[in-house]
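Report on one structure; see the data block that follows.
The values are calculated or read from the model by the stated rules, or taken from the named source; none is laboratory data. Since the model is a prediction, treat every value here as computed from it, not as a measurement. Note that each Cβ is placed from the backbone with ideal geometry, even for glycine, and that neighbours are counted across all protein chains shown. In case anyone asks, the SASA skips ligands and DNA or RNA and just uses the protein heavy atoms, side chains included. Shrake-Rupley method; radii C 1.70, N 1.55, O 1.52, S 1.80 Å.
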Amino acid sequence: MSLIKLIFSFEWRQFVRQPAQLLILIFFLLMGFYSLSIGHRFVGRQLEGLDTLQKNQQLNLRELTDRFNADTSTAKGKMLAEQAGLPQVIEYRASPLATNPPHGLAVMAIGQRDILPYFDIINSKRDVLTPPNTEIANPEKLASGNFDFSFVLIYLFPLLIIILCYDLFAKEKEQQTDRLLNVQSGDLNQILRYKLLFRLLLVSGLSWILSAIGVLIRPAATALSVIDVVLWFFVLNAYLLFWFSICWLVVVFRKSSRINALILLGIWLLLTLVLPALMNKLAALKYPMPLRTELVAHQRETMLDTWEMPIKELLIEFYRNHPEYRSLRRTDDTAQYGNKRFVAYYDLLGRRMNENVKAYQAAAQKHNAWLSKTAWLNPVAQMQSLLNASAGTGLNDYLFYQSQAGLFQNQWSKLMNSYLLVNKKLSRTEVLNLPAFKPEKEEHRAARIFGNALSIWLALILILWISSKRKLIKTKNS
């Protein structure tokens, strides 16, 4: 313990006496603060949008219930009273919302929340490909991405680790103090390990402080649990240890500081830029990602073809898919603008659109599944995926929400159709007790994150094992 205290004390004095290293540390600290502020503003905008939607929803529901007590002595009041409880009016004025509110850690990892819808307006005629269910996005911003804290951790912190560790041994060798340290301590490798441990604690402490600030500044409206924080720090520590192990592997080869810096920068470029781009290119060649514009065009053709179907064939198809409504079948169900025609149209349209979406998603899932299978070769991309999963901002989190929204949409459509098909109105009590969307939590999310993080830990263990073999060879040669 006396040796490690001595080394830590010496390293700290050396660190504070070097203005360049202090400025670098301050720079990374400022980058962390700036990235957290960007994440905080982004989450705040989404929460503000959801709050506005909820308030408008409450106002519209209050206006619908007030129609039941409208003054029928006036023309306007009479019209409002006649419209009270009409399912068409309810869907037009106050369709329910399915919301995907930001997670507490979304402040630190925005993930794909900036390109994926975070709410859906639910009705029996929902079309997820057109507004208001999707926001207009800036293509330039989508291409550049967001400068959030996860970006700083994944791409910038490895550079900080390289700057602090590239001359860990070379500095002693170039100053010709390596032999003196070896004679005094008896084991230079132990001294180097303590020096590396000091840098590990320094960088880890900086990342922990910034992460803690991110947790503290999160908006109060966001949900956060202890397991979420544990997952974040678990993934963060794995990634930092991974890069320190790479630096240690380069150090034990005992090359000059210039060669070490070039090797480490080459590894950084390979892992952060070249390898992710190569893997995405291979995935695009093996399993091309379908274009969403093609899906939109196909959906528009489906809408036109379905609308032009003869009403009689349309109703036959509807009763075939919904035998529970066959008792409502009448010979005069051929009104061009009748409720039954519209219910049958949107039902068949939804089925056909779902087939188009399933084909699109099947192709996209093959693309993403191949990337997931090869993620162990791409630790940087795996780290981004893990941080997004910890913050609930990844693609899997959106798909889980989307499946819940789809189930709620089916529930809502079934309810509205039960009134539309028999030309029945809702009572005031029924309007007040309309179903509302309640998001659920994914049960196995923590297990999935721990399982996917194993690839980084295995790479870490492999690198340390190679480093130990290199040290043994060096000892024998000496």
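Tabulated values for the structure
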| item | result |
| --- | --- |
| Packing-based ranking, highest mean first, of 278-287, 115-124 given that Cβ atoms within 10 Å are counted | 115-124, 278-287 |
| Long-range tail of P(r) for segment 367-434 (Cα pairs > 18 Å, %) | 60 |
| Computed Rg/Rh of segment 363-478, alpha carbon atoms with Kirkwood Rh | 1.33 |
| Under the Debye formula (equal points on every Cα, no solvent term), log10 I(q)/I(0) of segment 275-356 at q = 0.20, 0.24 Å⁻¹ | -0.88, -1.10 |
| Listed pairs 76/424; 340/366; 125/281 exceeding 30 Å between Cα atoms | 340/366; 125/281 |
| Residue list for segment 343-371, given a label point 7 angstrom along the Cα-to-Cβ vector of residue 454 and an amide N cut-off under 19 Å | 369-371 |
| Per DSSP, loop chymotrypsin sites (Phe, Trp or Tyr not before Pro) in segment 315-361 with at most 15 further Cβ within 10 Å | 337 |
| Cα-only Debye scattering, segment 1-136: base-10 log of I(q)/I(0) at q = 0.18 Å⁻¹ | -1.03 |
| Ellipsoid semi-axes in whole angstrom, largest first, where each is sqrt(5λ) of the Cα gyration tensor of the chain | 61, 25, 16 |
| GluC sites (Glu not before Pro) restricted to DSSP loop in segment 251-341 with at most 15 other C-beta within 10 Å | 308 |
| Accessible heavy-atom area order of 256, 455, 35, highest first, probe of 1.4 Å | 256, 455, 35 |
| Nearest-ten-degree value, helix 339-373 long axis tilted from longest Cα axis of the chain | 10 |
| Between helix 454-477 and the chain: long-axis angle, C-alpha atoms, 0 to 90°, nearest 10 | 10 |
| Separation between Cα centres of segment 419-469 and segment 288-350, rounded to whole Å | 32 |
| Principal-axis tilt of helix 311-321 within the chain, Cα atoms, nearest 10 degrees | 60 |
| Sparse-neighbour loop sites [chymotrypsin sites (Phe, Trp or Tyr not before Pro); segment 201-292; at most 15 other C-beta within 10 Å; DSSP] | 253 |
